[in-house]
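Every number here is computed from the coordinates shown, using simple stated rules; none is lab data. Everything quoted here is computed from the prediction, not taken from an experiment. Here the Cβ positions follow ideal geometry from the backbone for every residue, glycine too, while neighbour counts run over all protein chains shown.
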Amino acid sequence: MARLHTGRYKVLTRYRSYHGGTDTAINLTGDPRRWPNDYSNSGVVHFFGPFLYRSHFHAGTEQEETARALTHLDDVIRLEGPSTVAAIVLETIPGTAGIMVPPPGYLAGVRDLCDRYGIVFIADEVMAGFGRTGKWFGLDHFGVTPDLITFAKGVNSGYVPLGGVAISPPIAETFAHRPYPGGLTYSGHPLATAAAVATINTMAEEGIVGNAARIGAEVIGPALRDIAARHPSVGDVHGTGVFWAVELVANRETREPLAPYGSSSPAMNAVTGACKESGLLPFANFHRVHVVPPCTVTDGEAREGLALLDEALEIADRYTVA
Ligand SMILES: Cc1ncc(COP(=O)(O)O)c(C=O)c1O
């Protein structure tokens, strides 16, 4: 849609991202699942996003990280040719790539760049949307309005497969008098969409988004900061709501990850193995363990899981230079 709306071809996205498994989506994806699918002819250009703990920009503060990451993106747009760029696609808070909450001002700055150059801003809310970050959408933390929002997963709690895209009026107008040239077997599937309506109503009635926010602020955040203070293997913890990552390092000074980018390591296998033995099913990606319970998790369940992670991290500590 962004390509047809702008008449341009290129799409920009950050390296640390995951956007899906179909054609352009896997090319947009930054993480190594792209590599076997990428023939560099998809019109996708990757850039570096902000993440202060592993800053690509030698930044010392969040303000510096925001400013330098935006200058970098502006440079990439200008060097690629603004008149060739259809869209910038960003997970508002990248998920599998590391749950890196963007620093203040970053997404607003991306919105400004898109406005300046006539580029469509596409927010991927597939993982962050529908409560996970402690707000209905990850975007709601930043007060930014994109032109397209993609969503799936939490929209109906995954009871029935459903994904969709929210379309702003100017882009909808592009397709008001011409058909969108594509079709899907299950477009607007009544069962999936009924499950979405029921899920959204139930989430609102039962205060589930508020629960995710509270658990993050009162239980997970404090517990992870305490874990970070006690375990030398924990370099950093970051997240919001029920969406957190624990960065495991071999050396706290150098921040060397406990597994290289794109693979695992004996240390990470030992940690995830210990989690599983104790009854905790961890989501681990490279050198990170993610803490992503359901939005409905109770205080007691969250504490139980965090205690098991705490124990397993003693194993990680043995692989870390104290
Ligand atoms: C952030 C993000 N975007 C997109 C996708 C792909 O979504 P779908 O499977 O609905 O195409 C995923 C799937 O894991 C995801 O995590």
Looking only at the stretch 2-30, count every residue that is more than 8 Å from the ligand (Cβ to nearest atom) and in a helix (DSSP H, G or I) and tell me the total. 10
Being within 16 Å of the ligand (Cβ to nearest atom), more than 26 Å from D236 (Cβ to Cβ), free of Cβ contacts under 8 Å to residues at least 60 places away in the same chain and not β-branched (V, I, T) is the requirement here; does G49 meet it? no
I77 vs (1) in contact with a Leu (Cβ under 8 Å, 6 or more places away or on another chain); (2) crowded, with 17+ Cβ neighbours inside 10 Å; (3) farther than 16 Å from V120 by Cα: all pass except (3)
In the stretch 279-295, what count of residues is obtained for those that are over 16 Å from P257 (Cβ atoms) and among the aliphatic types (A, V, I, L, M)? 4
Looking at the stretch 155-167, is at least one residue in a strand (DSSP E or B), surrounded by 24 or more Cβ atoms within 10 Å (Cβ to Cβ) and of a type in the set (A, V, I, L, M)? no
Just to be sure I understand the filter: pairs with C-beta atoms under 9 Å, separated by 6 or more residues or on different chains, first member in the stretch 275-301 and closer than 22 Å to N211 by Cα, second member part of a loop (DSSP other than H, G, I, E, B) and of a type in the set (S, T, Y). Which pairs pass? F283/T96; H290/T96; P294/S157; C295/S157
Can you work out which of the residues in the stretch 183-198 that are at negative phi and not in a helix (DSSP H, G or I) is farthest from the ligand (Cβ to nearest atom)? G183
Please pick out the residue among V209, V271, V246 that is in contact with a helix residue (DSSP H, G or I) (Cβ under 8 Å, 6 or more places away or on another chain) and farther than 27 Å from E314 by Cβ. V209
